[in-house]
Amino acid sequence: GSPLRAAAAFSVALGIIECAIGAALVRFQLVEGNTSPERAVVLALHHCNTAVLLGALTFTAWFACGGAVPRLTRQRGLLSIVLLGGVGILATIVSGAITALGDTLFPPESTIHTMQQALAENAHFLERLRLLHPPISVGASLFLVMALPYAVRMRPGDLSQKLANMTIGVTIFQICLGFLNVALKAPMWMQLTHLAVADAIWILFLCTSASLLATRAPELAEEPVERAKLSAKETVKAYVSLTKPRVVSLLLFTTVAAMFIAAGGLPSLSMLFWVTLGGYLMAGAANAINMVIDSDIDLKMARTATRPTVTHVISPTAALTFALVIGSMSFAMLTLSANLLTAVLALAGLLFYVIIYTLLLKRRTWQNIVIGGAAGAFPPLVGYAAVNGQLSVLAWFLFALIFFWTPVHFWALSLLIKDEYAAVGVPMLPVVRGERATVIQITAYAILTALISALPLVLNELGWIYLAFAGVLNLLLVVRSWQLMQSPSRDQAVRLFKFSMVYLALVFVVIAADRMVHGGPSHLKQQGPVAQFSQLLTLATPAPEQEGNSHAAAL
């Protein structure tokens, strides 16, 4: 009856099965250059059994070290998180093994070449299966990063918290290794490293799950939650609200504007539609995840108390599932309608927002919005990459502009709701340092934004249209910030907050207009705005010997 004996017995039995599968691989010559479906099936079974065996050994060690016995009853959703996470990791390990086999038998020349091979009509099934591992692994990783913090809040405990943090940390490291593996064209040593880290994630996840399932829930969590019954229309409205459409609108505007900037005119209408929709879905997925993670503090803030994850209109599990579905749809949509770089950049924005800002920084430091605000700077990169397939200096300028603009915009808002942040313990700048320090920082970042906006002029990326209009907009941004610093009132904060949104939208419109007009005559395209002004004046002003000529001749 001892769980230790049971885990040890399972380990022995699974070890025997492991030997039998390994023997079958050799006995039936499913080795070396064999590319048969049988080899792929047996290999998948082999790795699946290996993972289960590793799990049995993990629980043997857990019980031998005095670990508590998990309870499988009255878990109210926690068990579903554990099961979904476990299935996701197993699917990632098995699909990764098949992908590694494909990489070994059909060495990739490059990422693009690998995708072209996989999509070809005469492609081998192992080449096709290589496309499955990235979305499976990303989906499983996102689930772990999103679900484990929520699970720990359901069953709070120091050990569970430490194990969950370790699991999330190693998972993020594994995502980086995955990209490195692709960049290095999957050498054998990298494949082995990748697999070893996947095993480490599996072990940590099992230990985390055991600790969570063994921890009793707080009394409040044991009370059943009555969910409101909604009509189909109300349900759709609730799910749409998870995506925060009003917040996403400005992000989408910068994405669309960046597409016009990259194209120097009107981009493909079909690409414009699909990239806009894909960008909305990815940003919406990030917002839905954020609502699940922050549901505990959203409950205590008037501004967020009506969110569907707070009112229990939508359960956390349903919200996470919704986020995974629309995030996966977005990745596929952006890859097919634009290119892989576009999809990766959109996903990077989601990961940065969820992991760096929401999980790591938001509740720990007042620098949360300074560093985490970079997540909002990814949309213009997405739009630019969709059109050009690469990122130029101008694309990174758009990123930097939003990065330095974000503190001005968000801290103006935080001044208005600082009491709510203080009540829930979120260390926003007005709460930690006070209003005076906040308005000084806002003014400093407004000046930095204005200085950054001059970079494309120095680099001759933009011309006189941008110089004229952006100069006025930056002057107004600095003046509004200065006025707030001189008179830090609620009205001044509201004025700056609203103007900051108008500022960003108009700056992107001006950049797009400048690129469309090309800054002047064709032979002036590569010159800076000052030189353009000088030469335009020279061209438009008749020389002394030309004063008698016609206006047309003078021009």
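The values are calculated or read from the model by the stated rules, or taken from the named source; none is laboratory data. Computed from a predicted model, the values in this text were never measured in an experiment. Cβ coordinates were reconstructed from backbone atoms using ideal geometry, including for glycine residues, and neighbour counts include every protein chain displayed. Side chains included, ligands, DNA and RNA excluded: accessible areas come from the protein's heavy atoms. Shrake-Rupley method; radii C 1.70, N 1.55, O 1.52, S 1.80 Å.
Can you tell me how the range 5-152 classifies by the Cα gyration tensor, rounded, prolate or oblate, using a/c under 1.5 as the rounded cut? It would help to have the intermediate numbers written out before the result.
On the way: a/c = 3.33, a/b = 1.45, b/c = 2.30.
Oblate is the answer for the range 5-152, as a/c is 1.5 or above yet b/c matches or exceeds a/b.
Assign unit charges at the C-beta atoms only (+1 for Lys and Arg, -1 for Asp and Glu), then state the dipole size of the chain relative to its Cα centre in Debye, rounded to the nearest 20.
It comes to approximately 1360 debye.
Could you calculate the FRET efficiency of Val41 with Lys185 from 1/(1 + (r/R0)^6), where r is the beta carbon distance between them and R0 is 30 Å, rounded to 0.05?
About 0.70, to the nearest 0.05.
Let me have the 222 nm mean residue ellipticity of the chain computed from DSSP H runs of 4+ only, each contributing -39500 (n - 2.57), with the sum over all residues rounded to the nearest 500.
Rounded to the nearest 500, the figure is -24000 deg cm²/dmol.
Taking Cα centroids, how far is the range 363-390 from the range 277-344 in Å?
Taking the Cα centre of the range 277-344 as reference, the centre of the range 363-390 is 16 Å away.
So I have (i) 18, 45, 28, 8, 1, 0; (ii) 21, 43, 25, 11, 1; (iii) 14, 31, 27, 20, 8, 1, and one of them is P(r) over Cα pairs in 20 Å bins from 0, in percent calculated from this model. Which one is it?
(i)
Taking 7 Å along the Cα-to-C-beta vector as the label spot, tell me the Val502-Ser110 distance in nanometres, rounded to one decimal.
Taking the simple label geometry, Val502 and Ser110 are separated by 4.7 nm.
Explain nothing, just compute: Karplus ³J(HN,Hα) = 6.51 cos²θ - 1.76 cosθ + 1.60, θ = phi - 60°, for every residue of the range 388-405 in order, whole Hz, x for Gly and Pro.
Values per residue, Gly and Pro as x: 9, x, 7, 10, 9, 4, 5, 4, 6, 5, 4, 4, 5, 4, 5, 4, 7, 6 Hz.
For a quick check of understanding: with a 1.4 angstrom probe and all protein chains in place, what accessible area in square angstrom does His194 have, to the nearest ten?
Rounded to the nearest 10, that gives 30 Å².
Per-residue HN-Hα couplings for the range 348-360, Karplus 6.51 cos²θ - 1.76 cosθ + 1.60 at θ = phi - 60°, whole Hz, x for Gly and Pro?
Taking θ as phi minus 60°, the curve returns 4, x, 5, 4, 5, 5, 6, 7, 6, 7, 5, 7, 8 Hz for the range 348-360.
What do you reckon, how do Val240, Val310 stack up by accessible area (1.4 Å probe), largest on top?
Val240, Val310
Could you work out the local net charge near Leu394, counting Lys and Arg as +1, Asp and Glu as -1, over the other residues with Cβ closer than 13 Å to its Cβ?
Within the 13 Å Cβ shell, the charges total -1.
Once the whole set of protein chains is in place, how much accessible area is left on Trp482, using a 1.4 Å probe, in Å² to the nearest 10?
Per-residue accessible area (Trp482): approximately 130 Å².
Based on the Cβ-Cβ distance from Arg433 to Ser268, what FRET efficiency comes out when R0 is 41 Å, to the nearest 0.05?
The formula returns an efficiency of 0.30 here.
How much of the accessible area of the range 202-333, in percent, comes from carbon and sulfur atoms when a 1.4 Å probe is used?
With neighbouring chains kept in place, the figure for the range 202-333 is 67 percent.
From Cα pairs below 8 angstrom and at least 6 apart in sequence, can you work out the relative contact order of the range 263-358, rounded to a whole percent? Before the final figure, lay out each step's value.
Numbers: 88 pairs, mean separation 36.6, N = 96.
38 percent.
Please list, in order along the range 128-144, the HN-Hα scalar couplings obtained from phi with the Karplus expression 6.51 cos²θ - 1.76 cosθ + 1.60 (θ = phi - 60°), rounded to whole Hz, x for Gly and Pro.
Those phi angles translate into 5, 5, 4, 6, 7, 5, x, x, 5, 5, 5, x, 5, 5, 4, 4, 4 Hz.
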